[in-house]
1. Going residue by residue through region 60-67, is there one that turns out to be of a type in the set (D, E, K, R), over 15 Å from the mean Cα position of the chain (by Cα) and part of a strand (DSSP E or B)?
2. List the pairs whose first member sits in region 96-112 and is of a type in the set (S, T, N, Q) and part of a helix (DSSP H, G or I), whose second member is modelled with pLDDT of 90 or more and surrounded by 17 or more Cβ atoms within 10 Å (Cβ to Cβ), and whose Cβ atoms are under 7 Å apart, counting only residues at least 6 apart or on separate chains?
3. Scanning for something touching a Phe, Trp or Tyr at 6+ places or on another chain (Cβ under 9 Å), part of a loop (DSSP other than H, G, I, E, B) and within 22 Å of R31 (Cβ to Cβ), does region 70-92 turn up at least one residue?
4. Among (1) surrounded by 11 or more Cβ atoms within 10 Å (Cβ to Cβ); (2) out of contact with any strand residue (DSSP E or B) (no Cβ under 8 Å at 6 or more places or on another chain); (3) modelled with pLDDT under 95, where does G59 come up short?
5. Here's a check for you: in region 128-144, which residue that is closer than 14 Å to T74 by Cβ and modelled with pLDDT under 90 is surrounded by the most Cβ atoms within 10 Å (Cβ to Cβ)?
6. Among the numbered criteria (1) over 27 Å from A133 (Cβ atoms); (2) assigned to a strand (DSSP E or B); (3) not acidic (D, E), which single criterion is violated by T21?
7. Restricting attention to region 12-24, and to residues there that are surrounded by 14 or more Cβ atoms within 10 Å (Cβ to Cβ) and more than 19 Å from A80 (Cβ to Cβ), which single residue is modelled with the highest pLDDT?
8. When the residues of region 26-44 are narrowed to those that are within 13 Å of the chain's Cα centre (by Cα) and assigned to a strand (DSSP E or B), which ends up nearest to E140 (Cα to Cα)?
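The values are calculated or read from the model by the stated rules, or taken from the named source; none is laboratory data. Because the structure is a prediction, the values reported are computed rather than measured. Please note: Cβ atoms are built from the backbone with ideal geometry, for glycine as well, and neighbour counts cover all protein chains shown.
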Amino acid sequence: MADPGPRGALPMLPGGTVESTDATPEDTLRREAAEEAQLTLTDSVRLGWVLDKSGDVYGGVGPNARLRLAARVTDIGPAAVDPATGHPFARLLATPAQTAALLGWGLPGARQAQLSAGTARERWGLPTTSPSAIEEIPTEGMRMS
């Protein structure tokens, strides 16, 4: 996704804070993906943790670990307004490696991309895709085959 904010498009992945209605981090992923990107997910997998030394993204909460998950996308619905920000996000179609590079996550991001692509291939039988142009998902959504 990209947040088309006043300082230009900021790339990000769906995610956020666990809420009282979320029984598991996987529930948080499904809820946030639906709210922010209108994605329906299934069969989520924990890839690991990333150390956030400052916690600046969440108001300087201090050092913490961020769980990284992958999930199979089963539906991409029409674009909608994110309830937390009051505006829709641009939704981008990119490979895991392109996503890690776009986010600027360096070597830890490259490892996560490899894990994600390997999970897609081994667990869900999805092919490893070659890099191509990053595309914006149409406003009306996409059918998944």
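1. Taking every residue of region 60-67 in turn, none turns out to be of a type in the set (D, E, K, R), over 15 Å from the mean Cα position of the chain (by Cα) and part of a strand (DSSP E or B).
2. Within 7 Å, the pairs are T99/A113; Q112/L47; Q112/R68; Q112/A100.
3. Yes - at least one qualifying residue is present in region 70-92.
4. The failed condition is (1).
5. Initially, region 128-144 is screened for residues closer than 14 Å to T74 by Cβ, giving 141-144.
Next, only the ones that are modelled with pLDDT under 90 stay: 143-144.
Working: R143: 6, M144: 11.
Looking at the filtered set, the residue picked out is M144.
6. Here T21 meets the rest and fails (2).
7. D22
8. If we take residues in region 26-44 being within 13 Å of the chain's Cα centre (by Cα) and assigned to a strand (DSSP E or B), then L39 is nearest to E140 (Cα to Cα).
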